[in-house]
1. What are the residue pairs meeting all of these: first residue in region 237-256, first residue closer than 25 Å to LYS224 by Cα, second residue modelled with pLDDT under 95 and of a type in the set (Asp, Glu), Cβ atoms under 7 Å, and 6 or more apart or on different chains?
2. Considering only residues that are of a type outside the set (S, T, N, Q), surrounded by fewer than 17 Cβ atoms within 10 Å (Cβ to Cβ) and in contact (Cβ under 8 Å) with a residue 12 or more places away in the chain, which ones fall in region 76-96?
3. Can you find a residue that is more than 27 Å from ASP7 (Cα to Cα), among the acidic types (Asp, Glu) and part of a helix (DSSP H, G or I) anywhere in region 230-240?
4. In region 163-177, is there at least one residue being surrounded by 15 or more Cβ atoms within 10 Å (Cβ to Cβ) and in a strand (DSSP E or B)?
5. Could you please find all residues in region 12-31 being surrounded by fewer than 22 Cβ atoms within 10 Å (Cβ to Cβ) and of a type outside the set (A, V, I, L, M)?
6. So, in region 198-233, of the ones that are in contact with a Lys or Arg (Cβ under 7 Å, 6 or more places away or on another chain) and at pLDDT 95 or above, which residue ends up surrounded by the most Cβ atoms within 10 Å (Cβ to Cβ)?
7. Pairs needed: first member in region 209-227, among the small types (Gly, Ala, Ser); second member anywhere, surrounded by fewer than 21 Cβ atoms within 10 Å (Cβ to Cβ) and part of a loop (DSSP other than H, G, I, E, B); C-beta distance under 6 Å; at least 6 residues apart or different chains.
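The values are calculated or read from the model by the stated rules, or taken from the named source; none is laboratory data. In this text the structure is predicted, and so the values were computed from the model without any measurement. Methodologically, a virtual Cβ is constructed for each residue, glycine included, from the backbone with ideal geometry; neighbour enumeration extends over all protein chains shown.
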Amino acid sequence: MHKTVADIVSKKNSGKKISVITAYDYSMATLCDRAGIDILLVGDSAGMVMLGYENTIPVTMDQMCLFTEAVSRARQSSLIVADLPFMSYQASITDAIANSGRLVKAGADAVKLEGGRPMAETIQAIVDTGIPVMGHIGLQPQTTMLSQGYKVQGKTAEAALRLVEDAKALEEAGVFSITLEMVSHEVVKIITETVHVPTIGIGSGTSCDGQVLVIHDMLGMYDKLKPKFVKRYLSLSKDIQDALESYKKDVEDGKFPTKEHLFSMEKSELEKLRKEIES
């Protein structure tokens, strides 16, 4: 049995933090699931790290469903949360419900969308259909980048109060957790102590009930962005490039493949073949 939304909610104030990591494909999701990660987040960040977009805005519902399906095939124990991409939920509540349903049919247990109080009605409508929702406030990559750029959120009393009010509104709308991205740690502490649902931080300090990272960032596989808040556990880009260069050299020098990599016919069958060719 895999984890449920209720399992995640129960970790609030349990003393054990919630681990969240992005996953976009079967192979990597399998490893994440085996590692016991609580939540596999099929993030729209896939547009950048998997598809090469400059940001998350071009990501489509079809693409998110494809990534979600791949991750769902790998999952044994983790909860799967999938991002609703840009303009899949903002235009109408009808769109939001329909697209949330598409992600659930693709294998997600819950969906995530960005926005505070203005999204409360939409979130409540999705939740009312039976689909769990993870909120997302603070830096909102789909829209904040258009107006403000890559900046820490909640650095003034006014901005901080808006975030606290947003968090309360999301909780009242029925979210089971709230992602806080690049929010000043003082505000994060206040929000985490105020709401009764788990908070998941990314670049938001230590007070959250859990943490999320983009897997390509923490494994050192994506070099376009190097956020301050990322802890790199490996530098796979260099290791992979070194391995590819070694492979290229082995091929060029005739060192790969060798006899140990070959498949052979039975000698009797080879003799028959030669006789057939000769005749």
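1. These pairs meet every condition: SER237/ASP223.
2. Here is the first cut: in region 76-96, the ones of a type outside the set (S, T, N, Q) are 79-87, 89, 91, 93, 95-96.
From the residues that got through so far, the ones that are surrounded by fewer than 17 Cβ atoms within 10 Å (Cβ to Cβ) too are 87, 91, 93, 95.
Within region 76-96, just ILE93 meets the criteria.
3. yes
4. yes
5. First pass over region 12-31, keeping only residues surrounded by fewer than 22 Cβ atoms within 10 Å (Cβ to Cβ): 12-17, 19, 25-28, 30-31.
Scanning region 12-31 gives LYS12, ASN13, SER14, GLY15, LYS16, LYS17, SER19, ASP25, TYR26, SER27, THR30.
6. PRO198
7. Listed by first residue and then by second, the contacts come to GLY210/LYS17; GLY220/ARG232; GLY220/LEU234; GLY220/SER235.
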